[in-house]
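Working notes, beginning with the structure itself.
The values are calculated or read from the model by the stated rules, or taken from the named source; none is laboratory data. Since the model is a prediction, treat every value here as computed from it, not as a measurement. Cβ atoms come from the backbone with ideal geometry, glycine included; neighbour counts cover every protein chain shown. What goes into the accessible areas is simple: the full protein's heavy atoms, side chains included, and nothing from ligands, DNA or RNA. Shrake-Rupley method; radii C 1.70, N 1.55, O 1.52, S 1.80 Å.
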Amino acid sequence: MVGLTLLSSIWLATFLHLAEELWAMKLGLKLLQERAKTGSFWWPYISSLPETFNIPIFFPGEDIKNLQYAPLLYQVNKRCRFLLDFEQEVKCALENLKPNDHPFGGQAVDASSLGWAMSAVSSRAFRLYGKKLSGEINNDVPMMLPLIDMCNHSFKPNAIILQDQDDRDVTMLVKVVAETGIKQNDCLVLNYGCLNNDLFLLDYGFVIPSNPYDCIELKYDGALLDAASMAAGVSSPNFSAPSPWQKEILCQLKLDGEAPLLKVCLGGSELVEGRLLAALRVVLASDMETVQKLDLDKLKSISVEAPIGIANELAAFRTIIALCVIALGHFPTKIMEDESLLQKGVSDSTQLAIQFRIEKKSVIIDVMRDLTRRVKLLASKETATAQG
């Protein structure tokens with residue numbers, strides 16, 4: 001009982017400071033305890049788990065650099081730092097314990113074993129309904145599901161996970177149900193979620209080619225946008241010093257004012273994140289009255305064509321294209337160089353790192369192509385209007 005109580009205290013200490021993306025550590029601690037327990041009911045399953053995981057926290061230092069993408073490097077470093085710090089917390093909690101009181105059977109728990117446990121959980125756990133909270137709302141909790149976790153991922157799955165629970169009993173039934181006709185020897189595939197390649201690589205150790213949900217993270221920065229606009233041929237952009245009425249709208253978009261959220265994305269389902277598109281349209285506009293008549297939803301929507309006029313839309317799209325060129329320039333290598341490296345034969349971790357950065361560059365290029373097409377269409381309309 002002392003061991004279980006101590007384990008619970010370690011979990012509590014974890015969650016007092018643990019970021020949401022590191023949720024896997026709680027279940028990972030339980031996994032380590034079961035692995036150390038003699039005669040554990042879960043041993044047949046645990047013994048089948050991989051001994052190592054090819055995910056970024058275990059990459060050699062050179063391959064972490066090979067990712068070439070600052071937001072992912074930040075997440076990898078954050079997770080590695082957490083494991084090193086948490087190792088010290090666990091050691092402090094376990095020191096001077098008697099063998100019978102040790103929650104991990106006297107086995108050492110270090111950053112490596114913690115990383116293994118966290119990786120085993122993040123690459124296999126599913127988020128399912130836990131106990132019901134007030135208002136008939138289920139508590140969403142991660143669970144490891146033996147056998148079911150052998151199903152691979154696809155955005156076009158042929159099966160789904162169904163969960164049944166009898167309110168009168170704690171017994172829970174989780175099953176995989178086919179959604180389409182499945183032939184003999186066909187693989188069962190599930191949709192792990194509409195995730196970008198950052199999360200697929202961090203948690204699962206693979207990269208999805210042409211992932212429709214992959215995107216590029218950028219920081220909304222006035223000086224950077226001024227430079228992009230000038231490169232696009234926009235005269236005297238004022239992103240660094242927006243007028244008061246523009247600043248007011250930027251505050252509504254959480255891109256200015258107190259506690260702004262400056263991370264914006266290109267690619268994915270939106271092509272251009274709505275907040276970024278709205279900001280560009282607003283700051284590149286000169287007619288305050290026209291802009292203030294529009295609601296934020298219209299300003300943020302790329303499907304609403306030229307809400308402030310064709311000239312404004314052209315300036316906004318050309319600025320984003322220039323921003324893409326700048327973003328591509330931050331990668332030390334080009335796609336052709338990356339593909340050439342892959343053909344020479346590299347280690348598994350190097351291959352994953354190169355594939356990841358190829359996909360990120362491809363996202364930028366796809367955004368540029370789409371926006372270039374839109375620019376040509378708008379320019380032709382502008383010409384037709386002028387000649388009309």
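Structure summary
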| read-out | value |
| --- | --- |
| Residue within region 176-196 that is of a type in the set (K, R) and assigned to a strand (DSSP E or B) present | no |
| Qualifying position, being under 24 Å from R369 (Cβ atoms), touching an Asp or Glu at 6+ places or on another chain (Cβ under 7 Å) and hydrophobic (A, V, I, L, M, F, W, C), among V264, V272, V234 | V264 |
| Criterion violated by T383 - all others in (1) at pLDDT 95 or above; (2) farther than 29 Å from E62 by Cβ satisfied | (1) |
| Filter result for L377 (open to solvent by 10 Å² or more (accessible area, probe 1.4 Å) and more than 22 Å from the chain's Cα centre (by Cα)) | yes |
| Test result for V121, modelled with pLDDT of 80 or more, surrounded by 12 or more Cβ atoms within 10 Å (Cβ to Cβ) and assigned to a loop (DSSP other than H, G, I, E, B) | no |
| Sole exception among (1) farther than 18 Å from R124 by Cβ; (2) at pLDDT below 90 for I161, by number | (1) |
| Number of the condition not met by G222 [criteria: (1) open to solvent by less than 60 Å² (accessible area, probe 1.4 Å); (2) touching a helix residue (DSSP H, G or I) at 6+ places or on another chain (Cβ under 7 Å); (3) closer than 30 Å to A311 by Cβ] | (2) |
| Lone qualifier among A259, A322, A311 - being under 27 Å from N197 (Cα atoms) and either touching a Lys or Arg at 6+ places or on another chain (Cβ under 6 Å) or open to solvent by 10 Å² or more (accessible area, probe 1.4 Å) (or both) | A322 |
| Enumerated helices (runs of 4 or more DSSP H) restricted to region 293-388, each holding at least 2 residues that are out of contact with any helix residue (DSSP H, G or I) (no Cβ under 7 Å at 6 or more places or on another chain) and farther than 24 Å from V282 by Cβ | 335-344, 348-387 |
| Selection status of S303, loosely packed, with under 14 Cβ neighbours inside 10 Å, within 30 Å of P60 (Cβ to Cβ) and assigned by the TED database to the domain that holds E248 | no |
| Selected residue (only one of G193, G233 is on the phi > 0 side of the Ramachandran plot and touching a residue at least 12 places away in the same chain (Cβ under 8 Å)) | G233 |
| Among (1) assigned to a helix (DSSP H, G or I); (2) within 22 Å of the chain's Cα centre (by Cα), the one test that Q88 misses | (2) |
